[in-house]
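Here's the structure, in structure tokens; my notes come after.
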Amino acid sequence: MCGIVGLFLKDPSLEPKLGAMLTDMLITMTDRGPDSAGIAIYPGETSGKTKLVVQSDAPDEDFPGLDTAIGKAVGGKVAMQVKSTHAVLEIPAGTTAAARSALADISSRLRVMSRGESLEIYKEVGLPKDVAARFDLSQMSGSHGIGHTRMATESAVTTMGAHPFNTGDDQCLVHNGSLSNHNSLRRKLRREGIHIETENDTEVGAAYLTWQMQNGATLGEALQSSLDDLDGFFTFVVGTKDGFGVVRDPIACKPAVMAETDQYVAFGSEYRALVDLPGIEDARVWEPEPATVYFWSHDAAPTTEKAA
Amino acid sequence: MQTIDLTEVGLRETNATLHAQAENTNQTAWEIINPRGSHAIACGLDAPIEVTVKGSTGYYCGGMNQQATVNIHGSAGPGTGENMMSGKIIIEGDASQYLGATAHGGMIVVKGNASSRCGISMKGVNIVVQGNIGHMSAFMGQSGNLVVCGDAGDALGDSCYEARFFVRGSVKSLGADCEKKEMREEHLTLLQGLLDEAGIDADPKDFTRYGSARNLYNFDVDNAGAY
């Protein structure tokens, strides 16, 4: 069992409150997943820069001077903001690969949580309220974000096992369920050269989407083909730079509730997560259909694709 | 009318108060406000009282109910009315998955749509849905009646026993060993009674009856693929 929340704002006046709204939703889902929590938030683009969010279990040793060291390695100015065990590095666009290899050389404890122009992922082991407080999530603003509370079933309770998973630049995934063919799929994806770090089933789901998109699929197409290639139970919520998407497996036994008003589109594993949203009494509230890909984007009209 | 604010009183005390009502209680009308999607509201009741929940509920509202009437003025979460024995649950909005699972008796009315696995393993309950129902509904249904005024999703009545299904609209697909059946006079009478009890105005003649083809009751090696 896990809890998922998501919030996509249509009304820009709510953007300063996005972190606070998502944090409340996340904490409500604590009893679906008390062992770890995470949030992916899209605060906005940094022009000409890429954001790398890195994590270390020994931030006091690893973070001081990290900006200078990475700056030297990529040959440009790097800004750094440390938040507890995470540091947000702003590196010049196009230097992600160089920065990643420099990080690996500096300390084996440094792990990349996310990369992208807008996306920032924060996740740790612990109760959702403690994780949210550690990163001051409720103070964050942004256009959309997704969050996850984890009750581990398939692999260890670690930071790297927590969600959201980064699937590509500015893309992320959270999952409620369990994949049953993740071992064979992991072997296949590793043979294809996809980097998979842990024995976690969701990481394989995320890596699968990354692999599909590297081969030219759009995120919507990748989600559509996940319905054929992933075996098991899943409700996925994915984030992209300009929107978010939802897909449930054909059996759809993992719960999902959505609400839409003129101001927002919201996702919750349960209706409880949505009760404090403004105007929820008059919102359109429904359960997403099984085997159907839903998408909302700031740049395009909402789409729904029913699997054949 | 007794009013309980669930947010102030808490779930445990709310349900304990309702459980304390005896067979001959004078306090027969109860209202629960601020349900906020909480789990297990008005579960395990066993008295002829009427409870109205003003808002949407979470998992298992009205579960294990006996005798009581539970009105939900909102939508209902997963497993509403699970293992109900008698009494009535009326949902003004939609119902989530496995509505009335394993329920032995009483009636559940949904004014909106019901999601997947509606009436799974039903054992005598009557469920009347004004809208549509989702996939795998009445899976392994043993007894009772499922009435759907709209459409049914995939695999209706898969591996069912003697539960009856009446659908007015389309059925996306029938489950293993579920078949279309003749609507005889006795079924029209039965269905009229169920619609009347649910307070829904519909003509029994517009419905089609489905039920077990009884081919999976005993092991037959030729059916091995269907088990």
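The values are calculated or read from the model by the stated rules, or taken from the named source; none is laboratory data. All values derive from a computational prediction rather than experimental measurement. Please note: Cβ atoms are built from the backbone with ideal geometry, for glycine as well, and neighbour counts cover all protein chains shown. Note: accessible area is taken over every heavy atom of the protein model, side chains too, but ligands, DNA and RNA are not part of it. Shrake-Rupley method; radii C 1.70, N 1.55, O 1.52, S 1.80 Å.
Summary table
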| item | result |
| --- | --- |
| Accessible area, probe 1.4 Å, largest first, for residues A:TYR294, A:TYR264 | A:TYR294, A:TYR264 |
| Trypsin sites (Lys or Arg not before Pro) restricted to DSSP loop in the stretch B:159-227 with at most 11 other C-beta within 10 Å | B:ARG184 |
| Per residue solvent-accessible surface (Å²) - the stretch B:2-216, probe of 1.4 Å | 38 Å² |
| Rule-of-thumb Rg ratio for the stretch B:2-216 [Cα; 2.2 N^0.38 Å; N residues] | 1.00 |
| Largest-first ellipsoid semi-axes for the stretch A:46-117, taking √(5λ) over the Cα gyration tensor eigenvalues, angstrom | 17, 13, 11 |
| Coil-residue GluC sites (Glu not before Pro) of the stretch B:6-39, DSSP, other Cβ within 10 Å capped at 12 | B:GLU23 |
| Per-residue [θ]222 nm for chain B (sum of -39500 (n - 2.57) over DSSP H runs n ≥ 4, rounded to 500) | -3500 deg cm²/dmol |
| Shape parameters for chain A, alpha-carbon atoms, Rg then Dmax in Å | 18.2, 54 |
| DSSP-loop GluC sites (Glu not before Pro) across the stretch B:165-227, with at most 10 other Cβ within 10 angstrom | B:GLU182 |
| Simple label model, 7 Å out from Cα along Cβ direction - A:SER180 to A:ARG284, nm | 3.5 nm |
| Phi-based couplings in Hz for the stretch B:72-88 (Karplus 6.51, -1.76, 1.60; Gly and Pro marked x) | 10, 8, x, 9, 10, x, x, x, 5, x, 4, 6, 4, 9, 7, x, 8 |
| Contour minus Cα-Cα distance for A:ASP31 and A:ASP231 (0.36 nm per residue) | 69.4 nm |
| Buried accessible area, chains A and B (both chains, 1.4 Å probe, Å² to nearest 100) | 1000 Å² |
| 0 to 90° range, to nearest 10: angle between helix B:185-198 axis and chain B longest Cα axis | 20 degrees |
| Table column - 3J(HN,Hα) (Hz), the stretch B:170-178, Karplus curve with 6.51, -1.76, 1.60, x for Gly and Pro | 8, 10, 4, 7, 8, x, 4, 6, 10 |
| Of A:LYS49/A:LYS188; A:LYS17/B:LYS111; A:LYS10/B:LYS54; A:LYS17/A:LYS72; A:LYS129/B:LYS111; A:LYS83/A:LYS241, those spanning more than 31 Å from alpha-carbon to alpha-carbon | A:LYS49/A:LYS188; A:LYS17/B:LYS111; A:LYS17/A:LYS72; A:LYS129/B:LYS111 |
| Per residue, in Å², the accessible surface of the stretch A:46-117 once ligands and nucleic acids are set aside, probe 1.4 Å | 45 Å² |
| For the stretch A:32-72 versus the stretch B:150-227, the gap between their alpha-carbon centres in whole angstrom | 57 Å |
| For chain A, calculated [θ]222 nm from helices alone, where every DSSP H run of n ≥ 4 adds -39500 (n - 2.57) | -7000 deg cm²/dmol |
| GNM top mover of A:ILE39, A:ILE70, A:ILE106 - chain A, alpha-carbon springs below 10 Å | A:ILE106 |
| Taking all pairs of distinct alpha-carbon atoms in the protein assembly as shown, Kirkwood radius in angstrom | 24.9 Å |
| Difference of contour (0.36 nm per residue) and Cα-Cα distance, A:GLN81 to A:ARG191 | 36.0 nm |
| Rounded Å value of the spacing that divides the Cα centres of the stretch A:116-187 and the stretch B:27-104 | 34 Å |
| Chain B: relative contact order in percent, alpha carbon pairs under 8 Å with at least 6 residues between | 10 percent |
| Student exercise, the stretch B:103-227 dipole from Lys, Arg, Asp, Glu Cβ charges, in Debye to nearest 20 | 200 debye |
